[in-house]
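Report on the following structure.
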Amino acid sequence: MDLSAFATYIPLGVLGLVRWASWLIRRVPASLYRPARTGHFEPLTIVVPVYQEHPRVFRQALESWLVNDVLEIICVIDVTDTACLRIAREYPVRVIPTDVPGKRDALRRGWEAARTPLVALVDSDTIWAGDVAVRVCEPFADPRVGGVGTRQNVAAPRTVWEHLNDMYLDYRYFDEIASQTVVSRAVSCLSGRTAVYRRSLLLRHSERFMSETFLGVPCMSGDDKRLTTLVLEGGHRTVLQRSARVWSTFPRDGRTFFRQRLRWSRNTWRSDLRALGSRWLWRRHRFLAFSMLDKAASSFTLLVAPVFMAMAVAAGHWQVAQLLALWWLVSRSAKMLPHLERRPSHILTMVPVFIVMSFAMALVKIAALLTIRKQRWLTRDVEVSATSKRVVRTAEPAAASEARAS
């Protein structure tokens, strides 16, 4: 291969250096992260919105919450979910039936009914370790902390799609979220699978939480991003407590995996674009602003590498193609070290899949940006009606229940 041909690939090398520099800006502080160890504890209430949940999963999750030291568990259950209503009434928990579809109203009803200083908002398929309630309280020793997130993983992953989600979660909690906690004490999103807030802040922000719109369309999903943003905007801190571990179910098939990622990406675009246009972010949390900009840019820069790979293959530059493939394997493995320490066999079985999926996810994020106004809870049969602009069910109750139980 003529040395002059290498000049064609110089832009890719420059872009690679920029991307690695951006990663190191996050990775270095992330390596310094340590969970809070204060011994602080406050009474805690768990609030769980339940709609079309698998009965067996809900029972398992409920029993894991009861093992923890919490004052009360409040399950706000859709009236059409008769199976979960029956299960909840078998346990010492408070059941609030609701005929209003959608997660946001259920969350609001739950935290309004709570009586403790701290409220944990928990998904109905999320299983807690036995010490979560104790661990999540510790960062609240700092009165400036308004919300605390947990470390999350996939419960008993089996399919390639579940393992992929498990890899993404480890990357998120050992890189992105850890660095945001260390540098700015401002986590971009306290995941709704388990996030703990001061109840006083939830009550203060209830109206803005329920009335959120984007480009004239009421927002139905993205409740966790919205609450996190409201807490930060109000001047409080949001942090990760990685010693508090929880596990959730994730899609087992590719179709649901991509639909869920598309929904999450839309939520991220809506929240981050709004935040980037606000003063509070740039005045108080510049590192968080950098993180948001970096994530947005990566949706486009990730696609440059496969374009150059295609060019190398088409031109017969096999050395370049081989070097690029090797670099993908080495660089992605380096970024996934926390996960590979837990599952070392994935370096050969899953890292190559993760590389390919990284490029696919870039396309998903771009598609999400182009369809940013679309509002639907893609893993449940509810959406925002195009005519009434209200949250409505999209399936008959019986059909929906049968689908979830199968």
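For the reader, a short list of remarks on this structure follows.
- The stretch between R34 and R204, if pulled fully straight at 0.36 nm per residue, gains 58.2 nm over its current Cα-Cα span.
- Ordering of 35-45, 118-128, 134-144 by burial proxy (mean other Cβ atoms within 10 Å per residue, highest first): 118-128, 134-144, 35-45
- Net charge contributed by nearby residues that have their C-beta within less than 14 Å of F359 (K/R +1, D/E -1): +4
- Of the listed residues K295, K225, the order by accessible area with a 1.4 Å probe, largest first, is K295, K225.
- Given charges at beta-carbon only (K, R positive; D, E negative), |dipole| of the range 10-153 in Debye: 600
- Mean residue ellipticity at 222 nm, helices only, the chain: -16000 deg cm²/dmol; runs of at least 4 DSSP H residues each add -39,500 (n - 2.57), and the sum is divided by the number of residues.
- Pairs of alpha carbons in the range 319-360 whose separation is greater than 11 Å (percent): 63
- Each distinct pair of alpha carbons in the chain adds a 1/r term; the inverse of their mean, the Kirkwood radius, is 22.3 Å.
- Estimated vicinal HN-Hα couplings, Hz - the range 38-47 in sequence order (Karplus 6.51, -1.76, 1.60; Gly, Pro = x): 10, x, 5, 9, 9, x, 10, 10, 9, 10
- Equivalent ellipsoid semi-axes, the range 41-145, via Cα gyration tensor eigenvalues times 5, rooted, Å: 23, 15, 11
- Length gained on full extension, R279 to V160: 38.7 nm, using 0.36 nm per residue less the C-alpha separation.
- From the alpha carbon centroid of the range 287-353 to that of the range 52-73 is 39 Å.
- Contour minus Cα-Cα distance for L71 and R286 (0.36 nm per residue): 73.6 nm
- Highest average packing first - 52-60, 11-19, Cβ atoms within 10 Å: 52-60, 11-19
- Cα gyration tensor shape for the range 91-145, rounded if a/c is under 1.5, else prolate or oblate: prolate
- Between E63 and I347, the modelled labels are 3.8 nm apart [label points 7 Å from Cα along Cα→Cβ].
- Placing R0 at 41 angstrom, the Cβ-Cβ distance between R115 and V307 gives a FRET efficiency of 0.10 after rounding to 0.05.
- Across all directions, the average flat footprint of the convex hull enclosing the Cα atoms of the range 108-184 is 6.7 nm².
- Taking every DSSP bridge with both residues inside the range 76-217, close to 75 percent are antiparallel.
- Cβ-Cβ distance of A296 and A7, R₀ of 22 Å, FRET efficiency by 1/(1 + (r/R0)^6): the value works out to about 0.15.
- Taking one quarter of the surface of the convex hull spanned by the alpha-carbon atoms of the range 148-256 gives a direction-averaged projected area of 7.9 nm².
- When peptides 261-274, 21-34 are sorted by average Cβ neighbour count within 10 Å, with the highest value leading, the order is 261-274, 21-34.
- Antiparallel beta bridges, as assigned by DSSP with both residues in the chain, represent about 40 percent of the total such bridges.
- Förster-model FRET efficiency, 22 Å R0, L323 and A360, C-beta, rounded to 0.05: 0.45
- Under the simplified labelling scheme, the L17-E42 pair shows an inter-label distance of 4.9 nm, with each label point 7 Å from Cα along Cα→Cβ.
- Volume of the Cα convex hull of the range 1-80, divided per residue and given in Å³: 245
- For K295, the lysines whose Cα falls under 27 Å of its own Cα, not counting residues fewer than eight places away in the same chain, are K103, K225, K335, K365, K374.
- Estimated dipole of the chain in Debye, rounded to 20 [Cβ of Lys and Arg +1, of Asp and Glu -1, Cα centre]: 860
- Surface accessible to a 1.4 Å probe, per residue, for the residues of the range 162-247, Å²: 28
- Between the helical axis of 351-370 and the longest alpha-carbon principal axis of the chain there is an angle of about 70 degrees.
The values are calculated or read from the model by the stated rules, or taken from the named source; none is laboratory data. Computed from a predicted structure; not experimentally measured. Counting neighbours? That spans all protein chains shown, and the Cβs are built from the backbone with ideal geometry, glycine included. When the accessible area is computed, the model is the full protein with side chains, heavy atoms only, and any ligands, DNA or RNA have been set aside. Shrake-Rupley method; radii C 1.70, N 1.55, O 1.52, S 1.80 Å.
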